[in-house]
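The values are calculated or read from the model by the stated rules, or taken from the named source; none is laboratory data. Quick caveat: nothing in here was measured; it's all calculated off a predicted structure. Cβ: placed from backbone, ideal geometry, glycine included. Neighbour counts: every protein chain shown. We work out accessible area using only protein heavy atoms, side chains counted, and drop any ligands, DNA or RNA first. Shrake-Rupley method; radii C 1.70, N 1.55, O 1.52, S 1.80 Å.
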Amino acid sequence: MSKRDGVLVALAGQQNAGKSTLFNVLTGARQHVANYPGVTVDKKYGQYRDAVGSVYTVDLPGTYSLTSFSLEERVAREFLLGDRPDVTVNVVDASNLRRSLHLTLQILEMELPSVLALNMMDVAEGRGLQIDQSLLSERLQLPVVATVGRKGQGREALREAVRAEASRQVETPTPPPVLVDYGPLEPIIAQVQQRLARFKAIADLPQRWLALELLEGDSQAVSILVERLGEAAARPLREAIGSLIAEFEQQQDMEISDYVVGCRDRAVERLLDGVLSGGEQGRKTLTERVDRVVLNRWLAPGFLLLTVFAIYQVSIVWGYELTNVTWPYLAKGRELIAGLLPSAHFLVDPYVRSLGLWLVDSANTLLNYVPIFIILFACIAIVEDSGYMARIAFILDKVLHRFGLHGQSTLPLILGGVFAGGCAVPGVMATKGIPDNRARMATIFTVPFMNCLAKVPLYTLLLGIFFVEHKSLMMFYISTMTIVFALLVAKLLTKTVLSGQETSPFVMELPHYHLPTFNGVARRAIERTWQYIKKVGTVVLAVAVVVFVLLHLPGLPEARKAHFQQEAEAAIERFEQALAGNPYREIATGANLVPLINYYSDYKRAKLNATGAEASQRVTERFQARNADFYPLVIRGGDRDAKQASRALRTLARERQKLRLQMREERITHSILGTIGRGMEPITQFAGFDWKINVALLASFAARESSVATLGVLFQQGDDENQTLEERMGQETREGGATALLAVSMILFFALYPPCLATTMMVKVQTGSYKWMAFSIIFPTILGLAVSSAVYSIGMAVGATGIEAMSAVYWSAFVLLLIVGLFSDRQASRLLRQRFSEG
Amino acid sequence: MSKMPERGGAQTLNDIRPGGRVRIHRHHAEAAVRQRLLDLGLMPNVVVTVVRSAPLNDPIELKLEASSITLRRHEAITIEVTSEDSES
Ligand SMILES: Nc1nc2c(ncn2[C@@H]2O[C@H](COP(=O)(O)OP(=O)(O)OP(=O)(O)O)[C@@H](O)[C@H]2O)c(=O)[nH]1
Ligand SMILES: [Mg+2]
């Protein structure tokens with residue numbers, strides 16, 4: 001082991017014992033905490049300093065024991081075994097000592113110097129449990145520290161105990177105590193140990209532990225043996241152990257692992273005798289009393305719907321209203337930056353300006369949703385932290401399982417945005433906790449079908465243009481359609497490409513209810529939102545630059561440029577003629593012309609953005625101060641000459657606008673992206689997508705958020721216009737013959753469209769394979785195109801309206817869902833009966 | 001060794017109605033599942049109470065000493081139990 005400066009400390013313990021909470025308390029980090037078993041699924045590093053020096057801290061996933069059956073157990077065990085932390089802080093739930101100590105005994109068998117953190121002392125006290133800490137410490141021969149992670153209590157004591165234990169290990173290392181007596185198995189353990197002792201290659205491993213693991217038939221211990229000793233040397237050893245196992249199991253008429261667990265349980269009982277007292281048996285705990293209502297067979301679905309509805313109402317509906325308050329600030333920010341950039345030319349703006357504004361617009365479109373995000377994540381944090389999330393898994397497992405998912409798919413799906421608004425990246429990340437591999441894979445591929453927040457703007461946009469009368473019905477369709485599709489797709493995948501994957505059952509602890517703390521909730525909401533913003537800051541802006549380049553290159557041919565230049569000069573000449581003999585001519589022409597016309601559009605926009613008489617007055621003052629000479633020309637009132645000049649200026653501005661729009665249109669049509677988009681038209685025409693939509697969809701693969709941003713720029717407003725994107729797009733698309741049916745086709749494609757780049761990266765991380773990553777892109781693309789094309793083509797053929805098409809799709813998917821659900825239920829119960837009667 | 005309960009044989013956790021108290025007799029699950037059940041405290045000789053089943057009848061919730069465990073009927077059927085007269 002390389003020499004470290006500083007001490008390495010690992011936090012180990014059972015699921016939901018509060019390791020991450022204590023990790024945060026110790027290091028001040030912001031590790032994800034939730035009242036839901038299996039939240040931490042990978043190790044996390046942090047660091048703090050005490051009086052002596054640095055302490056490197058690792059938060060391990062929660063494990064009920066240290067076998068190598070599940071992923072989180074392997075992660076924890078490999079770390080403990082491979083990195084040999086100087087001190088292991090064994091975090092135990094003081095209110096559930098008996099079960100927790102099983103793990104403690106295993107940690108001690110691994111000969112890891114440990115400190116026992118008795119966490120959740122508040123809960124234990126609340127239940128009237130008394131724990132004799134010094135007796136426990138004496139029996140375990142371990143330092144014991146009482147903590148309440150949620151309140152940060154016990155931090156200093158724990159830090160001191162860690163330091164003391166680390167120093168003691170250096171000064172007077174003592175062999176770990178042997179606390180479990182395995183009775184008749186002991187001589188066998190000794191025998192195996194003796195055989196193991198002959199090999200140097202495994203001398204660094206805890207011998208008694210290794211012997212036990214081998215006797216229990218632990219697959220990982222066996223592979224360590226084979227790896228270290230080589231196949232040839234390991235074989236006789238394995239055979240010898242095999243026969244020892246067989247002999248013992250026959251004698252005892254039980255499996256060794258059961259026998260071992262039994263011995264440990266007796267050891268725990270002896271350890272706790274006299275240590276643990278109190279705790280009223282008969283009285284129902286608060287959790288039990290709450291669950292009687294909340295999990296009541298008839299009431300539970302109601303409570304669940306209510307929760308979901310409340311989250312939807314609070315975050316999406318109210319959050320949306322909040323964006324009306326925050327939007328003006330973003331608009332102001334844009335103005336500010338626009339003012340800093342080089343000013344516009346008459347026809348073609350400097351690249352710095354157009355790229356700068358492009359980036360600001362892309363970012364603003366997304367930042368606009370920050371209030372929704374904060375509220376949504378806070379709501380989810382409350383549900384997680386209270387303990388209700390685990391109940392949701394309990395309630396929904398049956399349904400989810402029927403479609404190949406798992407009760408624990410609930411959290412990923414909710415994070416992904418079951419009810420309008422989420423993000424697939426944390427969603428896919430959260431699938432790590434699902435123990436059933438097949439369900440986990442199915443969840444990974446269906447999370448991107450949820451309504452991530454970046455899809456919502458596009459939906460809102462399209463509904464605003466095409467479905468003004470049916471908005472709420474469409475919103476209902478969209479927000480429930482995703483789960484219908486997701487379930488069907490999950491079933492399809494489970495039955496086909498995923499059928500070979502390993503499965504495992506739903507066995508989970510229901511945590512006790514906690515009152516969420518304000519700090520915890522706010523922290524997590526802000527943290528997750530910040531993650532989102534960071535994604536916006538990097539991926540989206542990078543994409544925006546790429547899209548910008550692809551939209552601007554190769555640019556207009558020289559001849560067309562010259563043509564537009566001529567038109568512009570003609571317009572300017574007309575303007576100058578109109579001003580002939582006007583006293584304002586001097587101010588308005590020559591070198592002043594471009595500044596004046598920019599001044600005019602700035603003024604108009606500022607007036608439009610100003611709400612209320614007061615703000616309007618301020619704009620007036622600002623522009624008067626900015627240029628008193630120009631001012632009379634941009635206002636409508638003024639002397640006769642000023643009025644005339646102002647009229648001419650308005651005409652010129654309009655002509656300039658028209659020219660710029662034409663140029664942009666031509667430039668985009670000839671651009672690289674435009675060419676690609678047009679190249680795709682032969683395929684996408686069946687779905688009704690023209691090249692502009694193709695361009696937006698292409699851009700949105702890099703980041704979903706870009707779709708509206710790109711559409712926004714494709715249906716760009718002129719500088720002095722201030723229509724909303726809805727108005728602009730509505731106008732342009734309707735002129736282009738777009739219908740509500742096309743909107744439906746777009747919505748469906750977008751619902752099934754492949755995950756954004758960031759999500760596919762996450763899919764790669766979670767599945768560990770590029771093959772599955774490619775699958776996560778290709779499969780939804782084909783599915784989405786197929787569905788959209790079918791709906792659009794059939795819809796066109798029968799002349800369906802948008803809402804009719806949408807209803808048809810929705811209800812047929814729904815009926816299909818019912819059929820699949822009921823059928824697989826029959827099959828499942830038949831299987832169960834079979835197992836029952838066959839014996 | 002048969003891994004499933006014999007025909008018409010012993011009672012499993014699946015047969016217990018909500019409110020019933022039983023003593024765990026033995027497990028028929030294997031490997032990871034067995035380990036997880038044992039780890040959660042569902043060891044032979046432990047007394048558990050079936051608290052309720054989920055709205056769709058599956059999974060079920062058990063109460064042990066200090067914790068609540070949920071598992072599917074599919075697993076419950078692998079746990080052999082003997083009825084325990086509910087005292088108190
Ligand atoms: N009442 C009480 N609650 C606590 C205490 N410590 C942690 N919690 C809560 O217990 C829950 C679980 O905490 P985590 O820190 O996520 O637990 P963990 O051990 O990291 O869990 P996994 O990573 O899932 O294994 C959270 O809701 C915490 O707020 C404590 O001392 N008292
Ligand atoms: Mg954790």
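The table below gives the values:
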{"item": "In degrees, nearest ten, helix A:740-752 long axis to first principal axis of chain A (Cα)", "result": "30 degrees"}
{"item": "Cβ-defined net charge surrounding A:Pro206, 15 Å radius [Lys, Arg +1; Asp, Glu -1]", "result": "-4"}
{"item": "Chain A: angle of helix A:613-626 to the longest principal axis, Cα-based, in degrees nearest 10", "result": "70 degrees"}
{"item": "Overall Cα dimensions of the stretch A:558-662 - principal axes, largest extent first, Å", "result": "49, 31, 19"}
{"item": "Heavy-atom accessible area ranking, 1.4 Å probe, most first, across A:Lys471, A:Lys607", "result": "A:Lys471, A:Lys607"}
{"item": "Estimated inter-spin distance, A:Lys332 and A:Gln220, nm [label 7 Å along Cα→Cβ]", "result": "5.6 nm"}
{"item": "Sites B:Ser83 and A:Ile533, calculated FRET efficiency, Cβ-Cβ separation with R0 60 Å, nearest 0.05", "result": "0.55"}
{"item": "Added length on full extension, which subtracts the Cα-Cα distance from 0.36 nm per residue, A:Asp204 to A:Arg640", "result": "147.1 nm"}
{"item": "In nm, spacing of pseudo-spin labels at A:Ala29 and B:Glu30 (7 Å Cα→C-beta vector)", "result": "3.9 nm"}
{"item": "Rounded to 10°, Cα long-axis angle of helix A:97-109 versus longest principal axis of chain A", "result": "80 degrees"}
{"item": "Residue order for A:Glu165, B:Glu30, A:Glu567 - accessible surface, 1.4 angstrom probe, largest first", "result": "B:Glu30, A:Glu567, A:Glu165"}
{"item": "Cα-based convex hull volume of the stretch A:183-278 per residue, rounded to whole Å³", "result": "114 Å³"}
{"item": "Sites A:Lys471 and A:Gln685, calculated FRET efficiency, Cβ-Cβ separation with R0 35 Å, nearest 0.05", "result": "0.80"}
{"item": "Average other protein chain Cβ within 10 Å of Cβ, residues A:94-106", "result": "2"}
{"item": "Label zone at B:Gln11, where the point sits 7 Å out along the Cα-to-Cβ direction: the stretch B:56-78 residues whose backbone N lies under 12 Å", "result": "none"}
{"item": "Near-label residues of the stretch A:776-803 by backbone N, under 15 Å of a point 7 Å along Cα→Cβ of A:Thr480", "result": "none"}
{"item": "Gain upon complete extension [A:Ser812, A:Glu125; 0.36 nm per residue less C-alpha separation]", "result": "241.8 nm"}
{"item": "Simple spin-label estimate for A:Gln501 and A:Arg270 in nanometres, 7 Å along Cα-Cβ", "result": "4.5 nm"}
{"item": "Cα pair count fraction exceeding 49 Å, expressed as % - the protein assembly as shown", "result": "35 percent"}
{"item": "Net charge of Cβ neighbours under 14 Å - reference A:Gly387; Lys, Arg +1; Asp, Glu -1", "result": "-4"}
{"item": "Additional length obtainable on full extension of the chain from A:Asp253 to A:Ala591, 0.36 nm per residue less Cα span", "result": "111.5 nm"}
{"item": "A:Ser769/A:Glu227 FRET efficiency (R0 25 Å; Cβ-Cβ; nearest 0.05)", "result": "0.60"}
{"item": "Cα shape, the stretch A:7-171, gyration tensor, a/c 1.5 rule", "result": "rounded"}
{"item": "With DNA, RNA and ligands ignored, accessible area of A:Glu558 (1.4 Å probe; Å², nearest 10)", "result": "130 Å²"}
{"item": "The stretch A:406-540 shape via C-alpha gyration tensor axes, a/c threshold 1.5", "result": "oblate"}
{"item": "Order of exposure, largest accessible area first, which applies to A:His401, A:His102 with probe 1.4 Å", "result": "A:His401, A:His102"}
